[in-house]
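Worksheet for the structure shown next.
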Amino acid sequence: MKKYFRYLLPAIAILFLFGTMSSGVSAQGVLKEILKRMDTNNASLVSLKSNIKMNKMNAQLGENDITEGDLSYLPGKSEKQIYVRIDWTKPIAESLAIANGQYVLYRPKTKQAIIGKVDSAKGNSKSGGALAFMTMSKAQLSANYDVKYAGEETVSSGVNTFHLVLTPKAATSYKSADLWVDANGMPVQAKIVERNNDTTTILLTNIQRNATVNASVFKISPPKGTAIVQG
């Protein structure tokens, strides 16, 4: 289960970096503007709801494992103040909630709930920690990653985006990350490339920025008869 979270959380959390670009300037000028807009967008975000699609690709086997569901998110000034909930609906139903530094993963099919601390699930990397992206400022991002602007691209949902490539400056559980940001300053897609070349790509669609999200959404209470497993 720790392995599952090591792969899942970085890809989710990285999506909440924000940015956009202006045309007609140099690549370095574009990148500077993106980072500036990321800070502005991040500061004004109070909540988010969207559909979410995750594609985990096994590089050795060339196989894709695709899951789809719904995402709710409330930002915070620290990792322990961040709230995330994902209700996976395809191919099977599972619910993941993160609140106050704790996580609960509920699997109705197996009548099992896995609970634990986010810190233990994500590993000890300071610069590449799974949830670090949620609260990372422009200064922190630049300090921890070599950031490059890779050009304009259209993601599979049809949204025109601007592609950023992040290479960690210190050792992390993955070797690089990619962000695709729309013209409104909202990240719509992210990809994590693991050291074995496996990838996790997450796409957000039907984004509702600053939608009403009740904090009670982030509490999962498994029904009686559910086996509780410590993660």
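Considering only residues that are surrounded by fewer than 15 Cβ atoms within 10 Å (Cβ to Cβ), assigned to a strand (DSSP E or B) and of a type outside the set (Asp, Glu), which ones fall in the stretch 28-74? If the condition is that a residue be surrounded by fewer than 15 Cβ atoms within 10 Å (Cβ to Cβ), assigned to a strand (DSSP E or B) and of a type outside the set (Asp, Glu), then 58, 64, 66 are the ones that fit. Summed over the stretch 173-231, residues that are closer than 26 Å to residue 60 by Cα, surrounded by 13 or more Cβ atoms within 10 Å (Cβ to Cβ) and not aliphatic (A, V, I, L, M) total 13.
Taken over the stretch 134-147, the criterion of being surrounded by 14 or more Cβ atoms within 10 Å (Cβ to Cβ), at pLDDT 75 or above and either more than 28 Å from residue 72 (Cα to Cα) or among the polar types (S, T, N, Q) (or both) is satisfied by 142, 144. Is it the case, given these coordinates, that residue 80 is at pLDDT 90 or above, over 15 Å from the mean Cα position of the chain (by Cα) and either under 21 Å from residue 140 (Cβ atoms) or exposed (fewer than 15 other Cβ atoms within 10 Å of the Cβ) (or both)? Answer is no for this residue. Within the stretch 155-170, being over 19 Å from the mean Cα position of the chain (by Cα) and either modelled with pLDDT under 85 or part of a strand (DSSP E or B) (or both) holds for one residue alone: 160.
The values are calculated or read from the model by the stated rules, or taken from the named source; none is laboratory data. Predicted model only: the values in this text are computed from it and were never measured. When we count neighbours, we look across all protein chains shown, and the Cβ atoms used for this are built from the backbone with ideal geometry, even at glycine.
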